[in-house]
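Report on one structure; see the data block that follows.
The values are calculated or read from the model by the stated rules, or taken from the named source; none is laboratory data. The structure presented is a predicted model; accordingly, all values stated were derived computationally and were not measured. Every residue, glycine as well, gets a Cβ built from its backbone with ideal geometry; the counts of neighbours run over all protein chains shown. What goes into the accessible areas is simple: the full protein's heavy atoms, side chains included, and nothing from ligands, DNA or RNA. Shrake-Rupley method; radii C 1.70, N 1.55, O 1.52, S 1.80 Å.
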Amino acid sequence: MLRIVVCIKQVPDTEELTKVRINPATNTIVREGVKSIINPFDENAIEEALRIKEKKGALVTCISMGPPQAKEALRKALAMGVDRAFLISDPSFAGSDTWATSFVLSQAIRKIGEFDLIITGKQAIDGDTAQVGPELAELLGIPQVTYVRKLEIEDGKMKAERVLEDYFEVVQVKLPALVTVTKEINQPRYPSLKGLLNARKMDIPVLTNEDLNLPEDKIGLDGSPTRVVRVFTPEPPPKGEIIEGDLEEKVQRIIEELKKRNLLRWLK
Amino acid sequence: MAEIKVIEEKCTGCGKCVSSCPFSLIKIEGKKAKILPGCNFCGTCVDACPFEAIILEREEKVVDLSDYKGVWVFAEQRDGRIMPVTFELLSAGRHLADDLGEELAVVILGDNLKENLNLLKKYPVDKIYAVQDTLLSDYKTGFYARVLTSLIEKFKPEIILVGATSIGRDLAPRVAARIKAGLTADCTSLKIDKEKRCLVQIRPAFGGNIMASIITPYTRPQMATVRPKVMEKILPSSSSAQIIEIEPDLTGEDELVRILDKIRVESDVKDLQEAEIIVSGGRGLGKPENFSLIRKLADILGGAVGASRAVVDAGWIPSYHQVGQTGKTVQPKLYIACGISGAIQHQVGMRNSEVIIAINKDPEAPIFNIATYGIVEDLHKFLPALIEKLESLSSTKK
Ligand SMILES: Cc1cc2nc3c(=O)[nH]c(=O)nc-3n(C[C@H](O)[C@H](O)[C@H](O)COP(=O)(O)OP(=O)(O)OC[C@H]3O[C@@H](n4cnc5c(N)ncnc54)[C@H](O)[C@@H]3O)c2cc1C
Ligand SMILES: Nc1ncnc2c1ncn2[C@@H]1O[C@H](COP(=O)(O)O)[C@@H](O)[C@H]1O
């Protein structure tokens, strides 16, 4: 039977994040943390694993590295139908950049057991790096196919369609391999009521560094080659103008502005 | 290890840190700030606290990095053509190399490189590393990563720039993981901190809601992928670039991922990320057929067609047109949003466009917050009128 591992990340909901930014919280507002969601592309990763399972049979394992509350994300994955879930969590993992995250994930995957296919999202919407997939593949010593919008598995081989900016590439690779998926690959399902009830009863084991025993210089901030030294809000775009007048006048104004800015130079 | 602490005696529970935290990981509990797990020690709250109640301790290491010299640019090619982003990287790389007083080199892998080498020689680069092999004719993760890694190990560059494209973002992390190099994704600005002699990489995160400065303090090379179309292209100038040819050590048997086919998308699907003008449609179009209005406007302006997620999800238009957080991030000279409300997830994909024109009948639509020019109007009236006017202009042009 195919053994699939799906890596998911819990990320803050963008909507929440901008609310925080736009109306800075005063001391009267006490937030119970931020609302979190499963990284949208990782829901596609879960869905794809479930579809393979339904077609071919597979053992689907979902893992997430993060703080204890990332269990909620794993709980949802269980409700969607994955077979088991592990949380990879330890205070010493905090501050990991993509290298250290990939290292911890690679070691956790090895610890959990043999695998044929790893599925990740194409990128996480918080960091937007799209690096963990390829880095994880490298650290596991397996080939990668990134930005996949379609895949098929037959006789231990995977055929996949990879999205590039101006064309698609159809590739074939022998398993084990890692794919990162785009949102075009499928429409993630909602958990069923039965799924939700089941998931509530399931145990989500936590792997800490006592289980993994990873050296300090490869995890957390110390294991991370990069450092965030400053975070700032980008300059808001200059306030725009609402163009007044009747239809004719508005059209005229826009044309003038386009001319002024030399934006009509490609005019057919 | 880094450690971040709240000194409870000093903390007044004022909450300034709560709103400063870009990751929303601080809360007030029992009138004291509490830092939640997940903190990445960026230190923003430390600066925001008026009472110096938050302290961040970072251990500084001393390492010798002087073996690594020079700035490298990876020349991305598709079908044998050097991609525009390469010339943008060369101009960024030239500045960085000059600031460091080092050489700028371009690395090119492929088959039959003669023409491209001649082209590259016209630009102000100091060295060209060329690796030719039939196995390198198309981009393949395995072979490219192997060759690039061996070059890095041999010549030890200080900085490596790669385009943040679906090829560059496939290759760079593979290489970075192998040599444990720091890699910063999708940078929009790069500069040298001369005092620390390190590369300061600035990039958007959270879909552009925040910007982060990232450095790689203790290891070399410092690797970055750089967003296309942000930097100016380098101009040709007389140069005396030295070409260094390197023999690769590759065998076909190691090809793990085989390319079976390449599918071109229909010609009307101009690459959104390369387009100078994008006309996008949203649910305000009312029905799928009305996308013809968008196409027509895009056509006459010489632009590409974009869309909001709502219309992609509704099946009005294929998903490769989608702009936004779960679609494409675009930065054209002109973005025209028609019948798009401008939800934050859409905005993050297009708000860095140079000029934004929004057409929406609802004056409260959030798209107007970021539009350079807002038109409160029914698009079914405005677009045909605009198209008509443009058509008459174009006929007088001829
Ligand atoms: C995790 C996540 C990721 C997402 N990613 C993306 C993404 O990548 N890209 C994206 O676009 N969205 C994304 N969304 C969805 C986003 O939140 C919005 O739902 C979506 O952008 C809305 O699309 P719309 O503006 O076309 O539709 P609506 O919000 O329905 O807006 C339609 C607009 O058209 C106007 N209108 C109606 N009739 C007319 C008329 N006749 N003339 C002029 N104006 C008219 C209305 O006033 C309204 O403002 C995401 C959401 C989530 C939760
Ligand atoms: N902490 C994590 N735990 C599990 N999977 C992760 C984690 N971080 C990233 N990933 C996976 O890697 C993909 C790319 O993430 P990123 O490189 O952060 O953009 C995500 O879509 C996830 O599938």
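The residues neighbouring B:SER91, those whose beta-carbon lies less than 9 Å from its own, together hold a net charge of 0 under the Lys/Arg +1, Asp/Glu -1 convention.
For the range B:231-322, the per residue solvent-accessible surface stands at 54 Å², with DNA, RNA and ligands left out and a 1.4 Å probe.
Which helices of chain B meet both criteria: a Cα extent of 24 Å or more along the helical axis and a mean Kyte-Doolittle score no lower than 0.0, with helices taken as whole DSSP H segments? Don't skip to the answer; put the middle values down first.
Details: long enough: B:84-100 (25 Å, 0.24); B:379-397 (26 Å, 0.08).
Both cut-offs are met by B:84-100, B:379-397.
When chain A is treated as a Gaussian network with alpha carbon springs shorter than 10 Å, the biggest mean-square fluctuation among A:GLU165, A:GLU135, A:GLU43 belongs to A:GLU165. Highest GNM mean-square fluctuation among B:ILE294, B:ILE263, B:ILE243, for chain B modelled with Cα contacts below 10 Å: B:ILE263.
Okay, helix-only estimate at 222 nm for chain B: each DSSP H run of n ≥ 4 adds -39500 (n - 2.57), divide by all residues, round to 500 deg cm²/dmol; what do you get?
On the way: 10 runs with 103 residues, N = 398.
One gets -7500 deg cm²/dmol as the mean residue ellipticity at 222 nm.
In terms of its C-alpha gyration tensor, the range B:342-398 comes out oblate, because a/c is 1.5 or above while a/b does not outweigh b/c. Qualifying chymotrypsin sites (Phe, Trp or Tyr not before Pro) in the range B:45-93, where qualification requires a DSSP coil assignment and no more than 15 other C-beta atoms within 10 Å, comprise B:PHE51.
Using a probe of 1.4 angstrom, how much of the accessible area of the protein assembly as shown is carbon and sulfur, in percent? If you can, show how the numbers build up before the last one.
On the way: 14010 of 28510 Å².
Accessible surface attributable to carbon and sulfur in the protein assembly as shown totals 49 percent.
With K and R counted +1 and D and E -1, the other residues having a Cβ less than 13 Å from that of B:ILE179 yield a net charge of +4.
Cross-linked pairs B:LYS5/B:LYS328; A:LYS239/B:LYS194; B:LYS262/B:LYS328; A:LYS239/B:LYS229: Cα-Cα separations exceed 27 Å for B:LYS5/B:LYS328; A:LYS239/B:LYS194.
Using alpha-carbon pairs under 8 Å, 6+ residues apart, how would you state the relative contact order of chain B in percent? Before the final figure, lay out each step's value.
On the way: 775 pairs, mean separation 45.6, N = 398.
Contact order relative to length: 11 percent.
Under the convention that each Lys and Arg Cβ holds +1 and each Asp and Glu Cβ holds -1, the size of the dipole of the protein assembly as shown around its Cα centre is about 980 debye.
The slack in the chain from B:GLU388 to B:TYR218, taken as 0.36 nm per residue of separation less the alpha-carbon distance, amounts to 55.2 nm. Convex hull volume of the C-alpha atoms in the range B:275-398, normalised per residue: 94 Å³. The GluC sites (Glu not before Pro) found in the range B:26-124 that occupy coil by DSSP, while having at most 12 further C-beta atoms within 10 Å, are B:GLU52, B:GLU59, B:GLU60. A cut-off of 5 Å between modelled amide H atoms, ignoring neighbours fewer than 5 places along the same chain, links B:GLN77 with B:MET83. With a/c under 1.5 counting as rounded, go ahead and sort the protein assembly as shown into rounded, prolate or oblate using the C-alpha gyration tensor (a ≥ b ≥ c being the square roots of the eigenvalues; past the cut-off, prolate if a/b is larger than b/c, else oblate). Rounded is the answer for the protein assembly as shown, as its axis ratio a/c remains below 1.5.
Ratio of the range B:1-89's C-alpha Rg to 2.2 N^0.38 Å, to two decimals? Let's see the in-between values first.
Details: Rg = 21.4 Å, N = 89, 2.2 N^0.38 = 12.1 Å.
Dividing the Cα Rg of the range B:1-89 by 2.2 N^0.38 Å gives 1.76.
Check every DSSP H run in chain A and write down those whose alpha carbon atoms cover 15 angstrom or more along the long axis and whose mean Kyte-Doolittle hydropathy is -1.0 or greater. Helices passing the filter in chain A: A:98-112, A:247-260. The ratio of the alpha-carbon radius of gyration of chain B to the globular-protein estimate 2.2 N^0.38 Å is 1.15.
The Cys residues in chain B with no partner Cys Cβ within less than 4.7 Å of their Cβ are B:CYS11, B:CYS14, B:CYS21, B:CYS39, B:CYS42, B:CYS49, B:CYS187, B:CYS198, B:CYS338. Taking amide H as placed 1.01 Å from N in the peptide plane, the amide H of B:CYS187 sits under 5 Å from that of B:THR225, B:VAL226, B:ARG227, each at least 5 places away or on another chain. By the helix-only formula, in which each DSSP H run with n ≥ 4 contributes -39500 (n - 2.57) and the sum is divided by residues, chain A has a 222 nm mean residue ellipticity of -10000 deg cm²/dmol.
For the set B:ASP98, B:ASP133, solvent exposure ranked by accessible area (probe 1.4 Å, protein chains only) runs largest to smallest as B:ASP98, B:ASP133. Ordered from largest to smallest accessible area (heavy atoms of protein chains, 1.4 Å probe), the residues B:HIS95, B:HIS380, B:HIS346 come out as B:HIS95, B:HIS380, B:HIS346.
Applying both filters, DSSP loop and at most 15 other Cβ atoms within 10 Å, to the GluC sites (Glu not before Pro) of the range B:240-314 gives B:GLU255, B:GLU266.
Candidates B:GLY342, B:VAL230, B:GLN325 compared by Cα position along the dipole of chain B: farthest toward the positive end lies B:GLY342, with charges placed on Cβ.
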